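Down below is the structure, laid out as structure tokens.
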Amino acid sequence: MKYPPLKNYINGKQVAASSQKTLEVVSPIDGSLLSTVPLSTAKDLNDAVQAAQEAFPEWSRRPIKERVQVFFKYKTLLERDLNALAALVQEENGKTLGEAVAEVEKCIELTEFATSLPQLVSGEVLEVSKGVECRTEHVPLGVVASIVPFNFPAMVPNWTIPNAIALGNCMIMKPSEKVPLSCIKIAELLKEAGLPDGVFNIVNGDVEIVNAICDHPAIEAVSFVGSTKVAKIVYQRATHNYKRALALGGAKNHLMVLPDAKEDMTAANVVASMSGCAGQRCMAASAMVGVGNVDHIIDKIVTEAKKVVPGVNLGAVINKESKERIERYIAEAEKDGAKILVDGRGAKVEGKENGTYVGPTVIDFVKPQMSVAKEEIFGPVISIMRTNTIDEALEIENANPYGNAASVFTQNGGLARYIIDHASAGMIGVNVGVPVPREPFSFGGWNESKFGVGDITGKSSIEFWTKLKKSTTKWNPEAGVNWMS
Ligand code: NAD
């Protein structure tokens, strides 16, 4: 085992979980055992919540300009340790080193945004009648929790950590049990940056801890990122317990390609979007709808896809079950009559025979009712459907229950605008394969890709992580009619 068994992180220290139960943390790159992760219990969560509750009064009373100083420092530490953190991300998640570096760079951008929060959260004040002022302030909630998935071991935790904590909250993080190593490194960097003990805590585990978080009376808000199935469970359970909740779910993102699209650029973008991070991004292109004759572009997509080589510029998928699930989808499409133009099944990387790789896969002549057209595959697979009109393409996109992202490739501004207006998705790209809005714009889908109000990052997150205090003051004795009392 490469690393010692993992512990929880409570009140600034690594502490053993109360249960002896553990899971193995295995590298998808070569199947090697990295560590073990404890399956913590409600008692461990209680300890973490208590530490967070104790840290909250002092932390939340600091002015925000003082709180963000920790994040200026954290940003420089992320820059200093970029390669070390990226190596850890790569090791536990299986993505390529370039993708892991980009992930840590995104953490830096997210932190940079948090350092600008003092400029964004100033409240409002107005003299509402002679000598009487109304004023609003953003007040932190208290102890909050963040539950995260396996596909971005560093970035998704950093969607919530810098903003929620800079805004004055204390946090319990529940990492994915598949990739729990990066979070401990993040905790160490936060401590080195000067974050007081107890403000950020990690409780490792699985369903039991997630349920305990949703039920804990002292946790005010829960953010969740993961599959739609679990997002629904968490949203329902947390709100049933009167907590504020925001739960981001799965996705099935459609790229609509029009015949006038620039061939080379479109093909490169489609392939990068479907195969980047081995297709394990909630923003990955999973379905393409060719409108009219786009055979010339599909030919280029095939050429581009063949340049994507497992173990070279394509990472592994998270585990054996994922590999089997993805390969099952491809087999089912073939059986249902679709044409496999590039087949990633059975991919092997020399010297890494226990790694879990799936090669890039391009499936053509997919029908909207096939499972590869409807369901989230979460692998480097693109399912191509064909329509005669843009409205038919939009009908396919809009019939899908998810609504994270959609993109259009065209040179026609009017048609692009029509698709922006009519696609039912929270994030739209025009000639962009992965339309992630960069800070200060916020990240969040629609429909079954997100449950709750507002978005998880950017300016929108301010509303989620704070509550508004409204005060009305009158100090002037000549303030005129006392119209409220
Ligand atoms: P997942 O839903 O299996 O797990 C997410 C978290 O929930 C983990 O911490 C896990 O321990 C916990 N969990 C799992 N099953 C649970 C259950 N039954 N009850 C309570 N908690 C449970 O997701 P994953 O496989 O880790 O991540 C992949 C999924 O996440 C994909 O569907 C992907 O689209 C989605 N995702 C969405 C976004 C977004 O922004 N919408 C971003 C990243 C990933």
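Looking for something at positive phi and either outside any helix (DSSP H, G or I) or assigned by TED's automatic domain parsing to the domain that holds MET385 (or both) - is there at least one such residue anywhere in region 333-350? Yes, because at least one residue in region 333-350 is at positive phi and either outside any helix (DSSP H, G or I) or assigned by TED's automatic domain parsing to the domain that holds MET385 (or both). When every residue of region 352-360 is checked against the conditions, none turns out to be surrounded by fewer than 18 Cβ atoms within 10 Å (Cβ to Cβ), in a loop (DSSP other than H, G, I, E, B), on the phi > 0 side of the Ramachandran plot and at pLDDT 95 or above. Of all residues assigned to region 120-134, none qualifies as being under 20 Å from VAL436 (Cβ atoms), in contact with a Ser or Thr (Cβ under 9 Å, 6 or more places away or on another chain) and at pLDDT 95 or above. Only helices (runs of 4 or more DSSP H) whose full extent lies in region 1-111 are considered here, and the ones with at least 3 residues that are within 30 Å of LYS352 (Cα to Cα), not assigned by TED's automatic domain parsing to the domain that holds CYS277 and not hydroxyl-bearing (Ser, Thr, Tyr) are 82-93.
Scan region 126-141 for residues that are in contact with a helix residue (DSSP H, G or I) (Cβ under 7 Å, 6 or more places away or on another chain) and either on the phi > 0 side of the Ramachandran plot or assigned to a strand (DSSP E or B) (or both) and jot them down.
Initially, region 126-141 is screened for residues in contact with a helix residue (DSSP H, G or I) (Cβ under 7 Å, 6 or more places away or on another chain), giving 138, 140-141.
Matches in region 126-141: HIS138, PRO140.
Of all residues in region 175-221, those being outside any loop (DSSP other than H, G, I, E, B) and either away from the ligand (no atom under 11 Å from the Cβ) or not assigned by TED's automatic domain parsing to the domain that holds ALA55 (or both) number 18.
Before we move on, is GLY168 assigned to a loop (DSSP other than H, G, I, E, B), modelled with pLDDT of 95 or more and more than 30 Å from ASP30 (Cα to Cα)? Against the criterion (assigned to a loop (DSSP other than H, G, I, E, B), modelled with pLDDT of 95 or more and more than 30 Å from ASP30 (Cα to Cα)), GLY168 qualifies.
Would a scan of region 365-377 turn up a residue that is of a type in the set (Asp, Glu) and within 16 Å of the ligand (Cβ to nearest atom)? Spell out how you get there, then give the answer.
So the first thing to find is which residues in region 365-377 are of a type in the set (Asp, Glu), and the list is 375-376.
Now narrow it down to the ones that are within 16 Å of the ligand (Cβ to nearest atom): 375-376.
Within region 365-377, one or more residues are of a type in the set (Asp, Glu) and within 16 Å of the ligand (Cβ to nearest atom).
Do we have any residue at all in region 61-82 that's in contact with a Cys (Cβ under 8 Å, 6 or more places away or on another chain), buried (at least 18 other Cβ atoms within 10 Å of the Cβ) and in contact (Cβ under 8 Å) with a residue 40 or more places away in the chain? Give the steps one after another, and end with the answer.
The first filter runs over region 61-82 and keeps only residues in contact with a Cys (Cβ under 8 Å, 6 or more places away or on another chain), leaving 78.
When the remaining residues are screened for being buried (at least 18 other Cβ atoms within 10 Å of the Cβ), the result is 78.
Restricting the remaining residues to those that are in contact (Cβ under 8 Å) with a residue 40 or more places away in the chain gives 78.
Checked region 61-82: at least one residue is in contact with a Cys (Cβ under 8 Å, 6 or more places away or on another chain), buried (at least 18 other Cβ atoms within 10 Å of the Cβ) and in contact (Cβ under 8 Å) with a residue 40 or more places away in the chain.
Filter region 209-265 down to the residues that are under 23 Å from ALA425 (Cα atoms) and either without any contact (Cβ under 8 Å) to a residue 40 or more places away in the chain or of a type in the set (Val, Ile, Thr) (or both) and list them by number. Of everything in region 209-265, those that are under 23 Å from ALA425 (Cα atoms) and either without any contact (Cβ under 8 Å) to a residue 40 or more places away in the chain or of a type in the set (Val, Ile, Thr) (or both) turn out to be VAL225, THR228, LYS229, VAL230, ILE233, VAL234, GLN236, VAL257, PRO259.
When residues in region 383-413 are screened for being within 16 Å of the ligand (Cβ to nearest atom) and not polar (S, T, N, Q), 5 of them pass. Specify the residue that is surrounded by the fewest Cβ atoms within 10 Å (Cβ to Cβ); the eligible residues are those in region 414-462 that are more than 12 Å from the ligand (Cβ to nearest atom), in the same structural domain as LEU117 (by TED's automatic domain parsing) and among the hydroxyl-bearing types (Ser, Thr, Tyr). Among them, the one singled out is SER460.
The values are calculated or read from the model by the stated rules, or taken from the named source; none is laboratory data. No experiment lies behind these values; they were computed from the predicted model shown. Using ideal geometry, Cβ is built from the backbone for each residue, glycine included, and neighbour counts are taken over all protein chains shown.
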